[in-house]
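None of the figures in this text is laboratory data; all of them are computed from the coordinates on show. Given the structure is predicted, the values throughout are model-derived calculations rather than measurements. Here the Cβ positions follow ideal geometry from the backbone for every residue, glycine too, while neighbour counts run over all protein chains shown.
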Amino acid sequence: MKLPTNLCFSVGLLAVASLAMVACDPAPNDVREWSPGDHDQAVSTPGTANPRAGTSARPGAEIDLVQLAWEKSCVTCHGARGRGDGPQGPMLRAADLGRVEWQDRVTDAEIAETIRKGRNKMPAFDLPPQVIQGLVVRIRGLKHP
Ligand code: HEC
């Protein structure tokens, strides 16, 4: 039985777009089943150039790790914008990492050291050096007037 077009359309609104297309397209000739291999293959067919294929194993992986570390380890105290307004921020007096007067006098090495060793109520973080460095860069971007 063929579904009426308008029903097909409303199903399409509810369903994930690709599923709806498979369900409603009368001749899905070029749609084939997804297989796990699709995900791992570096697509290098001419015309379907994937800009990330072949550059390095995981471009951006470090940035992901830094973001993850920030969200998992820092935001509870320092807040998403680093202003010391995370859920635990006021209680522990977490520093506002964007303060210009602090940003202007602290060195990158000192920031890294605080993260690595902790200070007073702030715990130490045993993170890989690249992630600590990424956090320093991130903190530098928080500077606000
Ligand atoms: C449990 C709460 C808590 C967590 C989690 C936390 N901090 Fe802190 N942080 C603090 C407190 C409190 C201070 C102020 C320490 C002091 O000088 O007494 C501070 C200070 C700092 C400072 C120095 C700021 C200044 O003004 O001297 C930096 C840099 C910093 N934190 C970065 C981070 C980073 C990056 C993370 C995540 C990896 C993190 N913190 C996680 C509580 C926390």
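So the values come out like this:
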| read-out | value |
| --- | --- |
| Alpha-carbon radius of gyration plus Dmax, which is the widest Cα pair, for segment 66-145 in Å | 11.4, 31 |
| Point-to-point label distance, ALA61-HIS144, nm (Cα→Cβ direction, 7 Å offset) | 3.4 |
| Contact order relative to length of segment 61-140, as percent, for alpha carbon pairs under 8 angstrom and 6 or more apart | 26 |
